[in-house]
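Chemist: Next up is a structure, given as structure tokens.
The values are calculated or read from the model by the stated rules, or taken from the named source; none is laboratory data. Since the model is a prediction, treat every value here as computed from it, not as a measurement. Counting neighbours? That spans all protein chains shown, and the Cβs are built from the backbone with ideal geometry, glycine included. Keep in mind that these areas ignore ligands, DNA and RNA; they rest on the heavy atoms of the full protein, side chains included. Shrake-Rupley method; radii C 1.70, N 1.55, O 1.52, S 1.80 Å.
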Amino acid sequence: MRQEKSKEDKIQDRFRYMTETPIPKLITTLAVRTIISMLVTGIYNTADTFFVGRISTEATAAVGLVFSVMAIIQALGFFCGHGSGNYLSRMLGAGKTKEANEMASTGFALALIIGVSLAIIGICFLDSIAKVIGATATTMEDTKNYMRIILLGAPFMIGQFVVNNQLRFQGSAMFAMIGLMCGAVMNMILDPVLIFGFHMGVSGAAVATVCGQIVSFIVLFIGSRQGDNIHLHIRNVHINGHYLLEIVNGGIPSLFRQGLAAIATLLLNTSAGRLGGDAAIAGMSVVTRVMMLLSSALIGFGQGYQPVCSFNYGANLKKRVREGFFFCVKYGTIFLLVVGCLCCIFAPQIVEWFRDDPEVIEVGRVALRCQAAVLPLMGVVTMTNMMLQSIGSGVKASITASARNGIFFIPLILILPKVLGMTGVEITQSCADILTLIISIPLAYSELKKMKE
């Protein structure tokens, strides 16, 4: 009885912390850990590109091609992680711990099932997938070698995304940060050792990535069983219509966002390869990884807001949800303005750091400057999507999540390169970002207005 009371006291302490701590302090405290997590993740996502860039332009292009497959794996991980995390956070805010426990275990089990299925199907159709994602005669072997190993790690990759997000939505950002950092450090250490020390080439980069994901998975799973975090247990798995529907409602925006990113990357690589060959694919791949690294800090900041948003929305404290949104938009935009200016100024040097090839630098320089110029717009877009998703507004969140890499990007990447050639490839993402901002503002306004009323 004493132990149960102690647990209830901890739950009440968490409730008071999430609902009474001043918003700037609360978001900043949670965001420091998630920003570090995302930056470290962003660094080790670019580590493969950096080290593989020392091998050849073809190897760099191959890693860029497989990025679309990795984006699909990440999409499924975020689908299960955000879908279950949003719901369990709202349930914790409403004091319904039983439903929160069942959702956590159900989301995790679903992720493992999807991960194993994806690995089996992907390896069986490896050659066909390599051709679909744009591998050429010069990049085919490297593409298959890298992708085969990445697919083997799919269950661990998806699983760690789920546990990481569930911990964040409980307000346990410290455990999430430690888990991601352990995997990131492992990956960055193994990359040069396996690629150059053991002469494994792109296969070494893939092994390093998967080993990092496995380490993160193990550490995060252990972290989920610490303190008053929700403990994952098979008896709490209930794969039924109710929980699946809640996962879909909360996770479909992430699936759209990441899934469309995979399609966008595929179309981008196809257009770049057709117009500029392997050098163009390599150049655009470098820019994609650089922009991912830059936006990771913003996403980390927004992830500090998400549990605050969903928890307080569940507790019917909507004034705090609004306050947190405007706080994140303001400081997120200021940050993006600074880093965007730096990227515009030092674009050639940044691209050269990854791959010292004049053709790669020429393509990457223009694309990076174009994307950096509109980077500050992403403050409003990203926070709008996170806010809509966290309050359970699935349709609106899906629209904002789909816009940047789908609704606008896909038509533009099919049209602009035909009209403007390689320039069309380089400016597509910037044009899509501007159009995404235009539709995000009224969607955010409609929900914020309801909260105010």
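Chemist: Please go through (1) without any contact (Cβ under 8 Å) to a residue 60 or more places away in the chain; (2) open to solvent by 60 Å² or more (accessible area, probe 1.4 Å); (3) aliphatic (A, V, I, L, M) for Ile239 and return the number of the only condition it doesn't satisfy.
Modeler: The failed condition is (1).
Chemist: Given the conditions (1) assigned to a helix (DSSP H, G or I); (2) closer than 30 Å to Lys452 by Cβ; (3) among the small types (Gly, Ala, Ser); (4) at pLDDT below 95, report the number of the one that Gly324 does not fulfil.
Modeler: Only one criterion in (1) assigned to a helix (DSSP H, G or I); (2) closer than 30 Å to Lys452 by Cβ; (3) among the small types (Gly, Ala, Ser); (4) at pLDDT below 95 is unmet by Gly324, namely (4).
Chemist: Just to be sure I understand, how many residues within the stretch 112-147 are open to solvent by less than 50 Å² (accessible area, probe 1.4 Å) and in contact with an Asp or Glu (Cβ under 8 Å, 6 or more places away or on another chain)?
Modeler: Selection size over the stretch 112-147: 3.
Chemist: Being in contact (Cβ under 8 Å) with a residue 60 or more places away in the chain, open to solvent by less than 60 Å² (accessible area, probe 1.4 Å) and not in a helix (DSSP H, G or I): is that true of Gly392 here?
Modeler: yes
Chemist: When the stretch 352-365 is examined, which residues are found to be under 15 Å from Met422 (Cβ atoms) and either touching a Gly at 6+ places or on another chain (Cβ under 8 Å) or buried (at least 16 other Cβ atoms within 10 Å of the Cβ) (or both)?
Modeler: Glu359, Val360, Ile361, Glu362, Val363, Gly364, Arg365
Chemist: Would you say Phe221 is open to solvent by 60 Å² or more (accessible area, probe 1.4 Å), assigned to a helix (DSSP H, G or I) and at pLDDT below 90?
Modeler: The answer is no for Phe221.
Chemist: Something else: What single numbered condition from (1) more than 25 Å from Ile350 (Cβ to Cβ); (2) in a helix (DSSP H, G or I) fails to hold for Asn316?
Modeler: Answer for Asn316: the failing condition is (2).
Chemist: (1) in contact with a Gly (Cβ under 6 Å, 6 or more places away or on another chain); (2) over 26 Å from Asn45 (Cα atoms); (3) surrounded by fewer than 23 Cβ atoms within 10 Å (Cβ to Cβ): which one isn't true of Leu260, the others all being true?
Modeler: All conditions pass for Leu260, except number (2).
Chemist: Does Ile407 satisfy the criteria of being out of contact with any Pro (no Cβ under 9 Å at 6 or more places or on another chain), free of Cβ contacts under 8 Å to residues at least 40 places away in the same chain, of a type in the set (Val, Ile, Thr) and surrounded by fewer than 23 Cβ atoms within 10 Å (Cβ to Cβ)?
Modeler: Yes.
Chemist: So, one more: Of the conditions (1) assigned to a helix (DSSP H, G or I); (2) buried (at least 18 other Cβ atoms within 10 Å of the Cβ), Leu232 clears all except one; give me its number.
Modeler: Only one criterion is unmet by Leu232, namely (1).
Chemist: State all residues of the stretch 85-106 that are among the hydroxyl-bearing types (Ser, Thr, Tyr) and within 16 Å of Met387 (Cα to Cα); if no residue qualifies, say none.
Modeler: Tyr87, Ser89
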